[in-house]
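The block underneath contains the structure these notes are about, expressed in structure tokens.
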Amino acid sequence: MAEKIPPQFYPLEPSRSDVETPMEQSKEFRRKKRIKCLAYVAAFVVFQTIVILIFSLTVMRVRTPKFRLRSVTIEDLTVGSSNSPSFNMRFNAQVTVKNMNFGSFKFDNSTITFAYGGASVGEAAIMKGKARFLSTKKMNVAANAALENPPSNSNLGSDINAGMVTLSSHSRLSGKVNLMMVFKKKKSVDLNCTMTVNLANKDVQDINCD
Ligand SMILES: *[C@@H]1O[C@H](CO)[C@@H](O)[C@H](O)[C@H]1NC(C)=O
Ligand SMILES: *[C@@H]1O[C@H](CO)[C@@H](O)[C@H](O)[C@H]1NC(C)=O
């Protein structure tokens with residue numbers, strides 16, 4: 001803005017301000033000075049608004065944590081025959097909670113429930129915990145899944161014959177994202193998966209989650 005002020009109104013040296021200027025010129029000079037001052041204030045407000053906007057879009061934005069089932073390891077597995085179908089397994093599941101917020105995500109106790117053919121066959125406990133800001137928390141959960149007396153219409157006999165049993169799992173993690181120690185936002189995230197147990201190898205393959 002300074003360059004728009006005509007040179008005759010611009011005090012180039014301190015000595016010039018002592019020089020008597022006509023009343024009109026002095027008034028005009030004060031007016032220009034006021035405009036210049038307002039322009040600085042306006043520029044500062046715009047700058048502050050941009051800073052606040054960027055801050056609220058990055059640091060203060062609450063992102064939903066990502067809850068994942070990484071792997072399932074079978075520790076023990078017993079399977080009945082195709083005539084008298086049953087299974088009983090003990091396994092370990094590794095789950096992760098990825099928190100991309102600029103603040104911690106604290107979650108409550110939760111469970112992962114496992115089902116076969118729509119019927120619940122087991123449960124695993126997830127202890128309450130905390131995923132720190134911009135990091136991933138890994139947890140190992142121990143679980144049991146067993147089906148001793150499947151209903152007569154169950155496919156378990158033929159699945160045992162085929163050597164593959166498909167389980168589904170469901171879990172929901174509920175908690176709070178803490179931003180700047182004061183700002184809290186509730187967030188919950190679902191984890192639904194299916195996995196195929198290879199009965200011969202005693203391992204779990206094809207973990208698919210949505
Ligand atoms: C969470 O689970 C632990 C262990 O099972 C239990 O001791 C604790 O009371 C539970 N906390 C809540 C808030 O339910
Ligand atoms: C996960 O499963 C539950 C119940 O089984 C369902 O209510 C929920 O909508 C599912 N979530 C997703 C993301 O598919």
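Read-outs throughout are calculated quantities, based only on the coordinates presented, and are distinct from any laboratory measurement. It should be emphasised that the depicted structure is a prediction, and the values quoted were computed from it without experimental measurement. Note: ideal-geometry Cβ built from the backbone for every residue, glycine included; neighbour counts use all protein chains shown.
Principal-axis analysis of the Cα atoms of the chain puts helix 23-57 at an angle of about 10° to the longest axis. Taking 0.36 nm per residue of sequence separation and removing the Cα-Cα distance, the GLN94/LYS66 pair yields an extension gain of 8.7 nm. With 0.36 nm allotted per residue and the present C-alpha distance subtracted, the SER120-ASN208 stretch has 29.8 nm of extension available.
Here are some pairs, LYS106/LYS202; LYS128/LYS202; LYS137/LYS185; LYS130/LYS202; which of them have Cα atoms lying more than 25 Å apart in this structure? Those over the limit are LYS106/LYS202; LYS128/LYS202; LYS130/LYS202.
For the stretch 66-209, list log₁₀ I(q)/I(0) at each q in 0.14 Å⁻¹, using the Debye formula over Cα point scatterers of equal strength and ignoring solvent, two decimals each. Results for the stretch 66-209 at q = 0.14 Å⁻¹ read -0.67. Distance from the Cα centroid of the stretch 98-127 to that of the stretch 136-210 is 9 Å (rounded to whole angstrom). Cβ-Cβ distance of ASN144 and SER56, R₀ of 45 Å, FRET efficiency by 1/(1 + (r/R0)^6): the value works out to about 0.45.
Using every pair of separate Cα atoms, the Kirkwood estimate puts the hydrodynamic radius of the stretch 33-78 at 15.5 angstrom. Rounded to 0.05, the FRET efficiency of the SER84 and ASN155 pair, given R0 = 25 Å and the Cβ-Cβ distance, is 0.95.
Normalising the average separation of contacting C-alpha pairs (under 8 angstrom, six or more residues apart) by the number of residues puts the relative contact order of the chain at 19 percent.
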